[in-house]
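Peer 1: My structure is below; once you've seen it, I'll send some questions.
What follows draws every value from the coordinates through simple rules; no lab data is involved. None of these values were measured; they are calculated from a predicted model. As a convention, Cβ positions derive from the backbone with ideal geometry for all residues, glycine included, and neighbour counts pool all protein chains shown.
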Amino acid sequence: MLQDQIIQAVSSALLAYEELRALFLVGSFGKGTADAYSDIDFLAVVEEGKKAEFPSIWRHALEGIAPVVFWNQRPLGGTLINVVTADWVRCDLAIPADNNLSHRSRDTVRVLIDRDGLYETLPPHLAGKGPNIGRITYLINEFIRVLGLLSVGMGRGEYFLGTVGAGLLRDHLSSLLVEETGIPDPGGALHLSRLLSADQMKVLLSLPFPEPERRSIIKAHVATARAFMPRARAMAAKLDIPWPQSFEDATLRNLQRQFGDEFDMSW
């Protein structure tokens, strides 16, 4: 794969840069689950006094291998750099703040450079964290809020925005299903079918994609709510998350007033 060529070339190019104390592959290449469509996720441990200059060294190394057509650098728990090459290989580099590797494990990284033996300090596996209660609480409340906005969109005849709202509800459902799996490191967003079970994927694939037309949009919202609400209630009960009953009741009353029998709340 072209990704393997870039991995080998960038490792060789940076081997002489002593201030780079470690370079690991993380993500799908770190776990050994990469395919021809995977991006390359690098993690660099750099001496504290050299972190500011390392992005330019990184870019120089990449440019010596393939032209860079996209570069985005931002602070995110340290520094995160997103790159796309002229061959449309995607490379991400994370430089963690304080060189913190606490959320890594040996089965989620692959060593390219390791001058200080950091790999051996990592645990063999990540401990299972279970569902994220804060995340699930957010998804429940946000789902109800977006569902309620159906009355606004349809009242104004905003049918394009109605299709966007249906998409947001599908996204919240897929996020809830990922939380159901309890996987400690689910990775990126473009391999959902690897994370979810066949039954979970069947739920998502059964959802209607609406046309920009009133009845189709209402049908899509109702179908997604029927899939989401019972699962969300079950998770909330299991995790002792207070259910926003008054919010749900007010939302459904408002939808019932506007849509009547068009909006079937039999979930």
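Peer 1: Let me have the relative contact order for the chain, percent, based on Cα pairs under 8 Å that are six or more residues apart.
Peer 2: It rounds to 16 percent for the chain.
Peer 1: Under 5 Å between amide H atoms, partner at least 5 residues away or on a different chain: which partners does residue 42 have, H built in plane at 1.01 Å?
Peer 2: 26, 92, 93, 94
Peer 1: Given springs between every Cα pair under 10 Å in a Gaussian network model of the chain, which of 256, 245, 73 has the largest fluctuation?
Peer 2: Judging by the Gaussian network model, the answer is 245.
Peer 1: Using only the Cα atoms of region 133-262, build the gyration tensor, take square roots of its eigenvalues as a ≥ b ≥ c, and label the shape rounded, prolate or oblate: rounded if a/c is under 1.5, else prolate if a/b is larger than b/c, else oblate.
Peer 2: Since a/c reaches 1.5 but b/c is at least a/b, the shape of region 133-262 is classed as oblate.
Peer 1: Would you list 147, 169 from fewest to most Cβ contacts within 10 Å?
Peer 2: 169, 147
Peer 1: Using a 10 Å cut-off around each Cβ, can you sort 191, 221, 60, 172 from fewest to most neighbouring Cβ atoms?
Peer 2: So the residues, fewest neighbours to most, are 60, 191, 172, 221.
Peer 1: Here's something else I'd like to know. How big is the Rg/Rh ratio for the chain, C-alpha atoms only, Rh by Kirkwood, two decimals?
Peer 2: Answer for the chain: 1.07.
Peer 1: Apply the Karplus curve 6.51 cos²θ - 1.76 cosθ + 1.60, θ = phi - 60°, to the phi angles in region 236-241 and return the couplings in whole Hz, x for Gly and Pro.
Peer 2: 4, 5, 5, 9, 6, 8
Peer 1: Taking θ as phi - 60°, what are the ³J(HN,Hα) couplings along region 115-127 by the Karplus curve (6.51, -1.76, 1.60), each to the nearest whole Hz, with x for Gly and Pro?
Peer 2: In residue order, the calculated couplings are 6, 10, x, 5, 4, 6, 7, 7, x, x, 9, 6, 5 Hz.
Peer 1: What ranking of 201, 235 emerges when the number of other C-beta atoms within 10 Å of each C-beta is taken as an exposure proxy, fewest first?
Peer 2: With the fewest neighbours first, 201, 235 line up as 201, 235.
Peer 1: I need the phi-derived Karplus couplings for region 151-158: 6.51 cos²θ - 1.76 cosθ + 1.60, θ = phi - 60°, integer Hz, Gly and Pro marked x.
Peer 2: Those phi angles translate into 5, 6, x, 6, x, 8, x, 8 Hz.
Peer 1: Moving on to the next point. Most fluctuating residue of 54, 70, 143 in a GNM of the chain with Cα springs under 10 Å: which is it?
Peer 2: 70
Peer 1: Most mobile of 140, 40, 57 per a Gaussian network model of the chain (Cα springs, under 10 Å)?
Peer 2: 57
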